[in-house]
Amino acid sequence: MVTAAPRHLGSDIISGNNAVDTARMTLTRSGTIVAGAIGAIMLAIAAFALAGQVPGFVRITPEQVHWQDVPGGHGVQAATLIGDPNKPGMYVVRVKFPPYLMDLPHWHPHARYVTVLQGTWYTGIGDQFDVSKAVALKAGGFMMHPAKAVHWDGSAGNETVIVQIIGYGPTRGGQVDPKKPFFVEVAH
């Protein structure tokens, strides 16, 4: 078998073996394409960084949180940080309870993950509302509400409570007893 000696063409080495030569050229072209793509990505990141933004990141300062009164909430306010709790998909909301205001037993169709940001949040499970059986969670405390599990919560003390809730929408659940108001003032 006679093989040709490798010859140089510019920066490429031609071996005389078509399969090897094709593979080398493909890898060289792929490397050039990958290097170009990486360069373009780096330029885009640099441009966003210079503008103070990186795509996909969300930053919200406390001053930017947009609190809205909850209809019929007796002073309860909510702020949606990301997503929409009324539509399918993940959401993050904050709820602010004024002192001595709690919600009555209710449930949600999906699990919810709740972190106490401020104050002492009083929580209970089951369909019987009894503040004396509530568990107090201070700032930094956490509770997971399983899907469709009945619970009740709020501020049973003299301080405002803020919780952050992460869940999957839509979140619309139901009250155990729809004849009663959703929010109630507790004795103090």
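Derivation of every value follows stated rules applied to the coordinates shown; laboratory data play no part. Source: prediction; values computed, not measured. Because the Cβ atoms are built from the backbone with ideal geometry, glycine has one as well, and the counts that use them run over all protein chains shown.
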Q) How would you rank Met102, Met143, Met90, going from fewest to most other Cβ atoms within 10 Å of each one's own Cβ? A) Met90, Met143, Met102
(Q) Taking R0 as 25 Å, what FRET efficiency do you get between Ala136 and Gln68 from their Cβ-Cβ distance, rounded to the nearest 0.05? (A) 0.40
Q. For labels at Lys148 and His188 in the simple 7 Å Cα→Cβ model, what's the distance in nm?
A. 3.7 nm
Q | Where N is the number of residues in region 89-153, Cα Rg divided by 2.2 N^0.38 Å | A | 1.08
Q) How large is the Kirkwood hydrodynamic radius of region 62-185, in angstrom, based on all distinct alpha carbon pairs? A) 14.4 Å
Q. Give me the log10 of I(q) over I(0) for region 60-118 at q = 0.24, 0.27 Å⁻¹, as the Debye formula computes it from C-alpha points; what are the numbers?
A. -1.33, -1.48
Q) PRE reach from Lys179 (point 7 Å along Cα→Cβ): which of region 86-107 fall under 19 Å by backbone N? A) 104-107
Q.
Quick check on the exposure proxy: order Lys87, Lys179 from fewest to most C-beta atoms within 10 angstrom.
A. Lys179, Lys87
(Q) 5 Å is the cut-off here: which amide hydrogens, built 1.01 Å from N in the peptide plane, fall below it relative to Ala149, excluding neighbours closer than 5 in sequence? (A) His108
